[in-house]
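Take a look at the structure below.
The values are calculated or read from the model by the stated rules, or taken from the named source; none is laboratory data. Computed from a prediction, not measured in an experiment: that's the story for all the values here. A quick note on method: Cβ atoms are made from the backbone with ideal geometry, for glycine too, and the neighbour counts reach across all protein chains shown. Accessible surface is based on the protein model in full, side chains and every heavy atom, while ligands, DNA and RNA are left aside. Shrake-Rupley method; radii C 1.70, N 1.55, O 1.52, S 1.80 Å.
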Amino acid sequence: MLPKQIHNTLRASFTFNDANNRESEAAFPTIEIQKEDEGGVSRPFMNAGYDQHAWNNGIKERVWNVEDYATMLVGNHFLTTGMAFERITSYNCYMRYGAGYYRYKTFDDFVNGAQPIAFAMTYSLTGEKEAKAEVGYNRFSFYTQDEWRVNNRLRLLLGLRFDLPNYTNHRYENPAVKELADKYGEHLNTGEWPKARLLFSPRVGFNYDLTEDGSLRLRGGSGIFTGRFPLVYLSKMQEGSGMLQTTVQDTGNNGILAHLTGGVRTPEQVLAMVAASGDDALKSKFPTQPGAKNNLVTIDRNFKMPQVWKSTLAADYKLPLPFDAELTLEGTFAKDINAITAYDANINKEKVEAKRFGGNDNRFFYPGAADKRIEKNNGYAYVVTNTSKGYSANLMAQLKMTPVKDLNLMAAYTYTVSKTLNSAPSNQVEGWDCKNQASVNGFNYLETSNARYIASPHRVIASASYRFTDTRDRISTFVSLFYEGRRMGSYTYVYLDDMNNDGVKGNDLLYVPATKDELLFKEFTAAGHTYTVDEQRDAFWAFVNQDDYLKDRKGKYAEPFAAFNPWCHRFDLRLMWEFKMMTGKQKNRLQLSFDILNVGNLLNNNWGVQKMAKDGTATQPLKRVGVNENNVPIYQMTTYTENGQTKLIDRTFDRYFNASNCWQMQVGVKYLFN
């Protein structure tokens, strides 16, 4: 059978982006000054200098797209076949700490030029001020699809897509990395991009009318979907090769801080000081030629573009009522095939796993930030790779109805769950291993957990809108009320400071004791009050039992992003007047609107107010201060200050003091040309 109609479409486009380019005339270091709170915990107090992320930060991107596809009708088959080509060239410059970074324990230390407690500096190895990372990426695609109308009640959709991504530009091979590969037991190579691999994406879908009148429809589908990831990940591979730039940092274990007394310096001044020092050990920490190996970021040669297997099933039902009413039920499930994750190849797994804490919380006890590494003088060596661990699911129910003319009602409920191995919270790979990626045993031992992006598993919304009109239908008044009820974000219970001694603070998941007497405490004094062992034990057990999440996790570890802030219920009110007017032969409309957001808070200041976990206290209720002779951890409880009085943490949530908690009013004017 010959096709009745054939249509061909050819599209080509070119886009460019030179956004966020920042030129820095002079470098002034980032300065962070800390101060102890009433509980004796050092917290950020003052910041000055250049934004540590912004120095000479910029991107240039060029994107070419060409797509050609044809559609044809052959009997009851509507066929689509096409191909596409995409070319992206990106130049990215990102040099965190490019102006230098200094952290001081107190303001007096800063003023008097004392030794800082932390230092970091990133500088170019190319001889230029900027270290630009180039990425070239091509993607060839071919796809075909058949929309088959089996009969008047059933339609099928069959499709297949092929994608072939490849990386075209030169990579910077670091000869020093080859020496490390054997030590790390990994195939590390900064001179290789991932192999070009053909990716298949088959799909099938259907839409079936279960009744002849269309009152009940069943629809759904299943297939593999190939996505993409930010190209900044790839530029990070270039930046992290050790050939363009390097980062030197010290938080007290690298022997650099003692040389930085006398006040802050620019990176140029630091390098000049190092060169003139005559200290070979110090010079070795500040490489000036390509081939640095302080911190590395590489990518697995077998890395594949992200893929998920996604399936949906839904039903649309027109209810047998004397007015318009429709109920929709829909479910979606997606399983990761090639998700993105990373691990640190410069962690000595044998040394880490050889020692554990005693007691029920027998997590790994690291030998230290430097000693945990295979090469102690080197920092991280991240390898970006794939994982199939992870999934997400969504259930939705929605009811819409118009019981009387001009009255529209809607109510909907959604449930969302998402599990992942790594939420990848930053576009910089090294940002994946920080407070944002909490775990029990460290970054290389992540387990599937809640994704950080799920702020509320349950969400309910509803709306009611009614329109009043005059007899000539020239002036309409709309009265609308909107409702939303949901949790106000997730959070994670971790230890204050560094529980497992790996050199990273605030990323160790809390162990919840099974009994009141399981944990060991140490007496301490804060704000003139001495907190005894028994007082802390009683206070912590009371804290656990007042928290719905913790009391259900007794004898277990807390989970990342598994605890949620309380429900918050909010209403928004809108009044709108619409005036229809003739301008010549054309009918235009003028709309005046008046909105009160969170109108419940206008009526009662306790309504529509969200409560949040007391970040830094309630979410970090314990601090390890030592171990006993059996290597069992010993703790102190976290304190907070309320009305000038220092207390042990006794509750999870407090009212969130923010303008978003207050009712707000806005007025709008809109003119529509019809």
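Which pairs turn up if I take residues in the range 574-585 that are at pLDDT 90 or above and look for partners that are among the β-branched types (Val, Ile, Thr) with beta carbon separation below 7 Å, at least 6 apart in sequence or on another chain?
These pairs meet every condition: Leu575/Val479; Trp577/Ile475; Trp577/Thr477.
Only one of (1) farther than 30 Å from Leu296 by Cβ; (2) buried (at least 17 other Cβ atoms within 10 Å of the Cβ); (3) within 28 Å of the chain's Cα centre (by Cα); (4) not β-branched (Val, Ile, Thr) fails for Ser222. Which number is that?
(2)
Gly528 - would you say it is modelled with pLDDT under 95, small (Gly, Ala, Ser) and under 28 Å from Glu447 (Cβ atoms)?
No, not satisfied.
Failed condition for Asn56, given (1) modelled with pLDDT of 80 or more; (2) open to solvent by less than 50 Å² (accessible area, probe 1.4 Å); (3) closer than 25 Å to Gln238 by Cα, with all others met?
Of everything listed in (1) modelled with pLDDT of 80 or more; (2) open to solvent by less than 50 Å² (accessible area, probe 1.4 Å); (3) closer than 25 Å to Gln238 by Cα, Asn56 misses just condition (1).
State yes or no: is Ala176 over 20 Å from Thr226 (Cβ atoms) and under 28 Å from the mean Cα position of the chain (by Cα)?
no
Could you please find all residues in the range 373-409 being more than 24 Å from Gln238 (Cβ to Cβ) and under 27 Å from the mean Cα position of the chain (by Cα)?
Scanning the range 373-409 gives Ser388, Lys389, Gly390, Tyr391, Ser392, Ala393, Asn394, Leu395, Met396.
Which condition breaks for Ala424 when tested against (1) modelled with pLDDT of 90 or more; (2) among the aliphatic types (A, V, I, L, M); (3) open to solvent by less than 40 Å² (accessible area, probe 1.4 Å)?
All conditions are met except number (1).
Report, by residue number, each residue of the range 474-515 that is open to solvent by 30 Å² or more (accessible area, probe 1.4 Å), hydrophobic (A, V, I, L, M, F, W, C) and not in a loop (DSSP other than H, G, I, E, B).
Ile475, Phe478, Val479, Leu481, Phe482
So which residues in the range 517-540 are under 38 Å from the mean Cα position of the chain (by Cα) and of a type in the set (A, V, I, L, M), if there are any at all?
Leu519, Leu520, Ala526, Ala527, Ala539
Cβ-Cβ distance below 6 Å, separation of 6 or more or different chains: which pairs start in the range 448-473 with a residue that is part of a loop (DSSP other than H, G, I, E, B) and end on one that is basic (Lys, Arg)?
That search, which allows pairs on different chains as well, returns Thr448/Lys389; Thr448/Lys419; Ser456/Arg486; Ser456/Arg487.
Only one of (1) open to solvent by less than 30 Å² (accessible area, probe 1.4 Å); (2) in a loop (DSSP other than H, G, I, E, B); (3) closer than 24 Å to Asn65 by Cα fails for Gly82. Which number is that?
Unmet condition: (2).
Return the total of residues in the range 523-559 being charged (D, E, K, R) and buried (at least 17 other Cβ atoms within 10 Å of the Cβ).
Number of matching residues: 4.
I'm told Ser449 meets every condition in (1) closer than 30 Å to Phe364 by Cα; (2) touching a strand residue (DSSP E or B) at 6+ places or on another chain (Cβ under 6 Å) except one. Can you identify the failing condition by its number?
It is condition (2) that Ser449 fails.
Quick check on the range 543-599: of everything there that is part of a strand (DSSP E or B) and β-branched (Val, Ile, Thr), which residue is farthest from the chain's Cα centre (by Cα)?
The selected residue is Thr583.
Looking only at residues that are of a type in the set (A, V, I, L, M, F, W, C) and either without any contact (Cβ under 8 Å) to a residue 60 or more places away in the chain or in contact with a helix residue (DSSP H, G or I) (Cβ under 7 Å, 6 or more places away or on another chain) (or both) in the range 60-74, which one is nearest to Gly100 (Cα to Cα)?
Of everything passing the filter in the range 60-74, Val63 is nearest to Gly100 (Cα to Cα).
For residues that are in a helix (DSSP H, G or I) and at pLDDT 85 or above, tally how many sit in the range 228-257.
1
In the range 324-377, what residues are at pLDDT below 85, of a type outside the set (D, E, K, R) and open to solvent by 70 Å² or more (accessible area, probe 1.4 Å)?
Matches in the range 324-377: Ala354, Asn377.
Yes or no, residue by residue, for (1) part of a strand (DSSP E or B); (2) buried (at least 16 other Cβ atoms within 10 Å of the Cβ); (3) at pLDDT below 95:
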{"position": "Glu134", "(1), (2), (3)": "yes, yes, yes"}
{"position": "Tyr137", "(1), (2), (3)": "yes, yes, yes"}
{"position": "Phe142", "(1), (2), (3)": "yes, no, no"}
{"position": "Asp163", "(1), (2), (3)": "yes, yes, yes"}
{"position": "Asn166", "(1), (2), (3)": "yes, no, yes"}
{"position": "Tyr172", "(1), (2), (3)": "no, yes, yes"}
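Pick from the range 378-421 the residues that are open to solvent by 30 Å² or more (accessible area, probe 1.4 Å), of a type in the set (Val, Ile, Thr) and in contact (Cβ under 8 Å) with a residue 60 or more places away in the chain: which of them is nearest to Ser311 (Cα to Cα)?
Thr402
Which is open to solvent by 60 Å² or more (accessible area, probe 1.4 Å), in contact with a strand residue (DSSP E or B) (Cβ under 6 Å, 6 or more places away or on another chain) and either of a type in the set (A, V, I, L, M, F, W, C) or on the phi < 0 side of the Ramachandran plot (or both), of Lys283, Lys304?
Residue meeting the stated conditions: Lys304.
How many of the residues in the range 600-616 are part of a strand (DSSP E or B) and not hydrophobic (A, V, I, L, M, F, W, C)?
Final tally of qualifying residues: 1.
Here are some residues: Leu216, Leu210, Leu156, Leu234. Which one is surrounded by fewer than 18 Cβ atoms within 10 Å (Cβ to Cβ) and closer than 25 Å to Val308 by Cα?
Unique residue meeting the criteria: Leu156.
Please go through the range 260-318 and give me each residue that is aliphatic (A, V, I, L, M) and part of a helix (DSSP H, G or I), ordered by number.
Result: Leu260, Val270, Leu271, Ala272, Met273, Val274, Ala275, Ala276, Ala281, Leu282.
With respect to Val460, is the statement that it is at pLDDT 90 or above and open to solvent by less than 30 Å² (accessible area, probe 1.4 Å) true?
In short, no.
State the number of residues belonging to the range 617-654 that are under 23 Å from Pro560 (Cβ atoms), among the hydroxyl-bearing types (Ser, Thr, Tyr) and either part of a strand (DSSP E or B) or out of contact with any strand residue (DSSP E or B) (no Cβ under 9 Å at 6 or more places or on another chain) (or both).
1
Would the range 646-657 turn up any residue that is touching a residue at least 12 places away in the same chain (Cβ under 8 Å) and touching a Gly at 6+ places or on another chain (Cβ under 8 Å)?
yes
Run down Arg87, Arg96 and say which single residue is surrounded by fewer than 19 Cβ atoms within 10 Å (Cβ to Cβ) and of a type in the set (Lys, Arg).
Step by step, each of Arg87, Arg96 is checked, and only Arg87 is surrounded by fewer than 19 Cβ atoms within 10 Å (Cβ to Cβ) and of a type in the set (Lys, Arg).
Conditions: (1) surrounded by 14 or more Cβ atoms within 10 Å (Cβ to Cβ); (2) part of a loop (DSSP other than H, G, I, E, B). Arg203 meets all but one. Number of the miss?
So the condition that Arg203 fails would be (2).
Residue check: is Ser490 of a type outside the set (Lys, Arg), in contact (Cβ under 8 Å) with a residue 12 or more places away in the chain, out of contact with any helix residue (DSSP H, G or I) (no Cβ under 8 Å at 6 or more places or on another chain) and under 23 Å from Met401 (Cα atoms)?
No; evaluated as a whole, the condition is false for this residue.
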